[in-house]
Amino acid sequence: MSDSALIPPVEEPLRPPGSGSGASAGGDKVVVRDDQPTVITHRTPLESEPISEAAVRILQGRILPGDHLGHFELVEYVGGGGMGRVFRAVDPRLARTVALKVLPPEQSSDRDTLLRFQNEAQSAARLDHDNIARVYYVGEDRGLHYIVMEFIEGVNVRRLVDSRGPLALAEAVSYTLQVADALTHAASRSVVHRDIKPSNLLITPEGQAKLIDMGLARFHETDEGALDLTASGVTLGTFDYISPEQARDPRNADVRSDIYSLGCTFFYMLTGRPPFLGGTMLQKLLQHQADQPPDVRGFRPELPEDVPRILRKMLAKDPRHRYRTPSELVEDLLALVKSAGLRRPAGARAEAAAGGAGVPFWYRHLPWVVSLVALLAIVLVLHAVWSDPGGQGRTLPELPVIGAEGPRPEQPGPQDAKRSKSGAGPKVEKSAAAPPSSHRTSRDTAPADSATPAGAVPPR
């Protein structure tokens, strides 16, 4: 196992309660960390309950034997992010290791932050996919709200690129493909993530990508009268990875907005920087609205031409010009894997998709189509040969029975013998095929049916 695999999935340094986090102001510039969602809200804070000294100590990362929240036993502090502090814990009832995410009291006093924290649990619980971190439980203990999730040992893409530089094409395509597959599942459950970015994508030591942090997710088919987390303010996401329509109105963002953010993340994995680098918050938003992203081959000339084509479609300003569904993106990525000779993506779902997606419909069904066409051709030929276009029946010719001495004459039956004695035979017309001759005998002109068998006396 590599050292990088042991890096905690969320890496913000531990800060004492009340110190705040997120954007730092300096003159007219606002620097926003990749792992900090940007939210503008105007609600008054909620009344928060005072927490115990033990809870304060836990939030500071000083874990002692026997510390617990609910029935979950805390083991160690892992890290902190924009939406809480993460601990490794043990669920003694199910005997498994879990990740326990705690919302600090100063954040739980904000109504919108608390709603987003609860929304994260509900949105993730709605999903069940190998490339999405699963949620097991949500609860509150001693004034601390917490979510119990799948524990993932790995490193996020932002730290991975920071430590290693831009990723190899095969690796970047593999992670992008897995996230696209996860978005296909989320879209089938009407869930839009709305915060796809490198720090929300964990990579396990086995190369499996895990999408985390559903705090900004929403149900796309929510009724207009239902609660929307953006109703009291504007939840923007992260400026370096936000889609143009999400910046205008997050409530109108659908899965195509997630595809745009995934395109920015794919660009970051290949170049080590987001598409629009530097500038103020306003400048970045305007660039997402109007400026075309730079050509990725300006940074990586060796990349195949299909890579900038896919990125251009993912990063189209108009959602109508992007991939309509993540499954369409999956097909193009798998076609890229095949054309560029890349190794197969990690993950069972991607391997299963590689067997069918990306291959044209006619090519997948060519064998049975050819067989069907051949069968129809045979039927048509037989129909043409044995059909009766002139109105006269056509029968198969009689095949003679060939013996050792040639064709055997037909033996007369009882009725034929009676006719022979009476001198009467069946009346038949002369065959038109008889060969012309000036020396014909009575035997030559005798009808075929009255032919005298060998050894018989002809009638007089």
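Which one of 112, 128 is more than 21 Å from residue 60 (Cβ to Cβ) and at pLDDT 90 or above?
128
Results for (1) at pLDDT below 60; (2) out of contact with any Phe, Trp or Tyr (no Cβ under 8 Å at 6 or more places or on another chain); (3) under 29 Å from residue 171 (Cβ atoms), shown as yes or no for each residue.
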residue: 207; (1), (2), (3): no, yes, yes
residue: 211; (1), (2), (3): no, yes, yes
residue: 236; (1), (2), (3): no, yes, no
residue: 243; (1), (2), (3): no, no, yes
residue: 250; (1), (2), (3): no, yes, no
residue: 253; (1), (2), (3): no, yes, yes
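Just the residues that are farther than 16 Å from residue 266 by Cβ and either of a type in the set (A, V, I, L, M, F, W, C) or not assigned by TED's automatic domain parsing to the domain that holds residue 321 (or both), please, taken from the range 283-299.
Listed by number, the residues that qualify are 285, 286, 290.
For the range 333-363, how many residues meet the condition of being surrounded by 13 or more Cβ atoms within 10 Å (Cβ to Cβ), modelled with pLDDT under 60 and part of a helix (DSSP H, G or I)?
Residues meeting the conditions: 4.
In this structure, does residue 53 turn out to be without any contact (Cβ under 8 Å) to a residue 24 or more places away in the chain and loosely packed, with under 14 Cβ neighbours inside 10 Å?
Yes: the conditions hold for residue 53.
Looking at 296, 330, 307 in this structure, which one is crowded, with 16+ Cβ neighbours inside 10 Å, modelled with pLDDT of 95 or more and more than 23 Å from the chain's Cα centre (by Cα)?
Exactly one of 296, 330, 307 is crowded, with 16+ Cβ neighbours inside 10 Å, modelled with pLDDT of 95 or more and more than 23 Å from the chain's Cα centre (by Cα), namely 296.
On the basis of being touching a residue at least 60 places away in the same chain (Cβ under 8 Å), of a type in the set (A, V, I, L, M) and out of contact with any Leu (no Cβ under 8 Å at 6 or more places or on another chain), does residue 253 make the cut?
So residue 253 fits the description; yes.
If you go through the range 72-123 one residue at a time, how many are not charged (D, E, K, R) and not in a helix (DSSP H, G or I)?
Matching residues across the range 72-123 total 26.
Going by the conditions given, is residue 277 at pLDDT 95 or above and of a type in the set (A, V, I, L, M)?
It is false that residue 277 is at pLDDT 95 or above and of a type in the set (A, V, I, L, M).
Report the residue count in the range 135-161 for those that are touching a helix residue (DSSP H, G or I) at 6+ places or on another chain (Cβ under 8 Å), in a loop (DSSP other than H, G, I, E, B) and farther than 24 Å from residue 269 by Cβ.
Counting residues in the range 135-161 that are touching a helix residue (DSSP H, G or I) at 6+ places or on another chain (Cβ under 8 Å), in a loop (DSSP other than H, G, I, E, B) and farther than 24 Å from residue 269 by Cβ gives 2.
Restricting the range 162-176 to residues that are touching a Lys or Arg at 6+ places or on another chain (Cβ under 9 Å) and assigned to a helix (DSSP H, G or I), which is surrounded by the fewest Cβ atoms within 10 Å (Cβ to Cβ)?
Looking at the filtered set, the residue picked out is 170.
Do you know which of the residues in the range 268-286 that are out of contact with any Lys or Arg (no Cβ under 9 Å at 6 or more places or on another chain) and crowded, with 19+ Cβ neighbours inside 10 Å is farthest from residue 324 (Cα to Cα)?
Out of the qualifying residues, it is 284.
Residue check: is residue 265 crowded, with 22+ Cβ neighbours inside 10 Å and touching a residue at least 60 places away in the same chain (Cβ under 8 Å)?
yes
Checking residue 280 against (1) in contact (Cβ under 8 Å) with a residue 40 or more places away in the chain; (2) more than 16 Å from residue 313 (Cβ to Cβ); (3) in contact with a helix residue (DSSP H, G or I) (Cβ under 8 Å, 6 or more places away or on another chain), only one condition comes out false. Which one?
(3)
The values are calculated or read from the model by the stated rules, or taken from the named source; none is laboratory data. This is a predicted model, so every value here is computed, not measured. We place every Cβ from the backbone using ideal geometry, glycine too, and count neighbours over all the protein chains shown.
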